[in-house]
Amino acid sequence: MKFKNAMSFKAKVKQIAEDKGITAQQVQQSYLIEVFLTKELAEYLSEKYGKGYSMANLRSMRKFYQTYMTQIQQTVSAEFENTSTDTFEAVI
């Protein structure tokens, strides 16, 4: 998120703090940590896996997960790992 100036940043921080019932300092710390971690993670993933891991893409991936996290389920193979051998043999 880009801001026109320091005053617009301060106003947004104040609004978020009021909405969440936390201090403005906590909002600023969370924002700066998120920006720093996203930048570092984007650089690391891009070096390791190539294109497709920009800061914007990582934010989009995070937003997708946050939106659909209750609908995302384990893979079928992971579900079978959690069942006992007897249950699996009974199915066959």
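In segment 5-51, of all residues being acidic (Asp, Glu) and within 21 Å of residue 63 (Cβ to Cβ), the one that is nearest to the chain's Cα centre (by Cα) corresponds to 34. Beta carbons closer than 7 Å, at least 6 apart along the sequence or on distinct chains, pair a first residue in segment 1-20 that is under 16 Å from residue 33 (Cβ atoms) with a second that is of a type outside the set (Lys, Arg) for 9/3; 13/24; 13/27; 13/28; 16/27; 17/23; 17/24; 17/27.
For the structure I just gave you, tell me whether residue 2 is closer than 21 Å to residue 60 by Cα and not in a helix (DSSP H, G or I). Against the criterion (closer than 21 Å to residue 60 by Cα and not in a helix (DSSP H, G or I)), residue 2 qualifies.
Out of everything in segment 62-81 that is part of a helix (DSSP H, G or I) and at pLDDT 70 or above, what residue ends up being nearest to residue 42 (Cα to Cα)? Top of the filtered list is 62.
Determine whether segment 49-56 contains at least one residue that is among the polar types (S, T, N, Q) and either part of a helix (DSSP H, G or I) or surrounded by fewer than 10 Cβ atoms within 10 Å (Cβ to Cβ) (or both). No, because not a single residue in segment 49-56 is among the polar types (S, T, N, Q) and either part of a helix (DSSP H, G or I) or surrounded by fewer than 10 Cβ atoms within 10 Å (Cβ to Cβ) (or both). Here is a check on your reading of the model: is residue 33 surrounded by fewer than 10 Cβ atoms within 10 Å (Cβ to Cβ), modelled with pLDDT under 90 and either out of contact with any Cys (no Cβ under 7 Å at 6 or more places or on another chain) or not acidic (Asp, Glu) (or both)? So residue 33 does not fit the description; no.
The values are calculated or read from the model by the stated rules, or taken from the named source; none is laboratory data. As the structure is a computational prediction, the values presented were derived from the model and not from experiment. Every residue, glycine among them, receives a Cβ derived from its backbone with ideal geometry; neighbour counts consider all protein chains shown.
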